[in-house]
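Here is the structure we will look at.
FYI, it's all coordinate maths here, none of it is from the lab. Bear in mind the structure is a predicted one, so any value in this text is a computation, not a measurement. With ideal geometry, Cβ positions are generated from the backbone for all residues, glycine too; neighbour counts draw on all protein chains shown.
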Amino acid sequence: MSRKLLIPSVVVLGALLAGLAYFIIAQPVQVLPRIRLAPAFSFVDQSGTRLTSEDLRGSFTLYDFSYTSCPPPCGHLDDTMRTVQDRLGEVDLGDISVRLVTISVDPQHDTPDRLADYARRVGADPDVWTFVTSTDPKLLKTIVGSGFGAYYEPKDDGTIALDPKFVLVDGAGTIRGEYRYLLEPPDPDRILRHLGVLADEVRNAQGANAVAYEAAHLFLCYAP
Amino acid sequence: MRRIVVLVLLIGVVAAACGGSAGGIEVTDVWGRPSPSAATNAAFYMNITNGGDAPDQLVGASSPACSVTELHEMYMKDGGVMGMRPVQGGAVEIAPGATVEFKPGGLHVMCIGITEELKPGTTVPLTLTFEQAGDLQLEVEIRAN
Amino acid sequence: MKRLPIILAVTTALLAGVWFGARALRPYSFHGTIIQSPEPAPDFTLQSASGPVSPSDFRGKVTVLFFGYTFCPDVCPTTLADLAGAMRILGDEADEVQVVFVSVDPDRDTPERLAEYVGSFDPRFVGVTGNEDEVAAVAAVYGIFYEKHEGTPASGYLIDHTASAMVIDREGRLKLVLPFGIGPQDIAADLHELLK
């Protein structure tokens, strides 16, 4: 092999490897993982209106799971949701809407009226933050437990054992973020940052940029 | 004279096998998927071109292969839920110079209650009724795609 | 300067080599949406004409789940025909693929009726259903939304439903969501990649 051949080939290969290394180490493009499919559902909201998973297509939706007679730490869950609601203006979302949905895991007691009272008490903006429950407790358990991966179990004393968590779902119905309260303190900053990361990916869903975003998925360049 | 009549009839039959035309309306590529008798319902697809100067409307269809025939369209909501519904007003507008495609995932002639198994390689008769052009006799080619 | 043409030729060949090399190394780009779940796909058991069927029965194969109903005139036959077309394109490899059609219309679709229906597209396809609650639970966890709506007196009720197909890899993880209408070639290419 002549030296003339060697030098350019080393240069080109080196540049390619450097580019790849830059992409993987510096992570100029960050994404959120596509974790699981979000479950499909048809719930009833605090005004008695139906809310389905399909109504939320195209929006980013942040879910949490609670019930109106829940003792603390449910209060912290509500505080986090309200903080996200109040600070949505800080995120560059383009024309993508963000919805917050609190799913009550106490369908026996949480009627629409009770949910409406509760929503007012915690300062929910009805255009953004919806409270829902189901008329079918068994299906609710499947949707929340298996679908969203949020464990809950009614106890004999009337309270409900709950593993509190937030779940972030993208416009295509894929779970992109899970924030378990027991593993990490609720962090509205992180959730808001993640909403921005999702919006960036939607903005770059076409053309050459889309390739970079797919590569970011491939190399697991996940936003912290 | 009789030979001309026969010839015209023959051309008519040949034309009907792949499509047909009347009053400026031309229908091509009429087809449907093979359906087992367990399927109950089937859909027929085609291209309808209005070569005339006036608008026309497809107002109905009928076929001996179907108990009832209706004009349906598929609709898709954001992100993947799909459904079927009868077309609005029960008619499909065919504007002058336009071609309206009836195709999978869009408009289709819904064949409700198939009366026989639709076997690949066979044809079934279909009559399309237009408001202006009147009835058009066609043959639906049964094929996989 | 006699060497100039040689240098040019070598450089061109080298660039072409790098270009083709990079293309060969470039990861396969799926037509469906990749899901990066480390967990197994939700398992369930529903009834086919020849007994109970669970996705976990097909561990080692690539399993395609599609939800629909046999009264469906357009979307379901189109998708099943596309899947059957993909099976034909895959040839021998298709034996490593299991298509499961889940009926969301248990009132009208019996396992026997389903077997005849899906079998007409490809004899290897399996059709399953269960009671209303079972089907609702399976559809919910796979993100499949469906609801009945009134048709005409002749058509009876129709069912709106999510028309994407879910692909489970050999290890039992939900790997891919295929949107409606991508056609047999693209489906075959994606399945071929998952079979590697």
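Below are the figures for this structure:
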read-out: Relative contact order (%) - the stretch A:1-157, alpha-carbon pairs under 8 angstrom, separation at least six; value: 27 percent
read-out: Label-point separation, A:L20 to B:V59 (7 Å along Cα→Cβ), nm; value: 6.8 nm
read-out: Long-range tail of P(r) for the stretch C:27-143 (Cα pairs > 23 Å, %); value: 29 percent
read-out: Principal axis dimensions, the stretch B:2-142 - Cα atoms, whole angstrom, descending; value: 57, 36, 21
read-out: Rounded to 5, percent antiparallel among DSSP beta bridges of chain A; value: 60 percent
read-out: Helix-only [θ]222 nm of chain C, DSSP H runs n ≥ 4, -39500 (n - 2.57) each, per residue, nearest 500; value: -11500 deg cm²/dmol
read-out: Rounded to 5, percent antiparallel among DSSP beta bridges of the stretch B:2-142; value: 95 percent
read-out: R0 of 25 Å, Cβ-Cβ distance C:S50-B:Q137: FRET efficiency to nearest 0.05; value: 0.05
read-out: Given charges at beta-carbon only (K, R positive; D, E negative), |dipole| of the protein assembly as shown in Debye; value: 2500 debye
read-out: Rg and Dmax of the protein assembly as shown, Cα atoms only, in Å; value: 28.2, 98
read-out: Alpha-carbon Debye profile of the stretch C:79-196, log10 I(q)/I(0) at 0.23 Å⁻¹; value: -1.48
read-out: DSSP bridge orientation in the stretch C:33-195 - percent antiparallel, rounded to nearest 5; value: 65 percent
read-out: Per-peptide average of other Cβ atoms within 10 Å, ordering C:129-141, A:5-17 highest first; value: C:129-141, A:5-17
read-out: Calculated FRET efficiency for the pair A:Q27/C:H149, C-beta based, R₀ 30 Å, to 0.05; value: 0.05
read-out: Point-to-point label distance, A:D79-A:R50, nm (Cα→Cβ direction, 7 Å offset); value: 3.8 nm
read-out: Peptide ranges B:112-119, A:60-67 listed from the most packed, as the mean C-beta count within 10 angstrom indicates; value: A:60-67, B:112-119
read-out: Those chymotrypsin sites (Phe, Trp or Tyr not before Pro) in the stretch C:104-192 that DSSP places in a loop and that have at most 15 other beta carbons within 10 Å; value: C:Y157
read-out: Partners for A:K138 among lysines (Cα-Cα distance below 25 Å; same-chain residues under 8 apart left out); value: A:K155, A:K165, C:K148
read-out: Cβ neighbours within 10 Å from other chains - mean over C:54-60; value: 0
read-out: Isolated Cys in chain A, by beta carbon distance under 4.7 Å; value: A:C221
read-out: Relative contact order, percent, the stretch B:2-142 [alpha-carbon distance under 8 Å, six or more residues apart]; value: 33 percent
read-out: Test item: C:169-181 mean partner chain Cβ contacts at 10 Å; value: 2
read-out: Average Cα contact separation per residue, the stretch C:61-122, under 8 Å, 6 or more apart, as relative contact order %; value: 50 percent
read-out: Per-selection Rg to Rh, chain A - Cα, Kirkwood hydrodynamic radius; value: 1.12
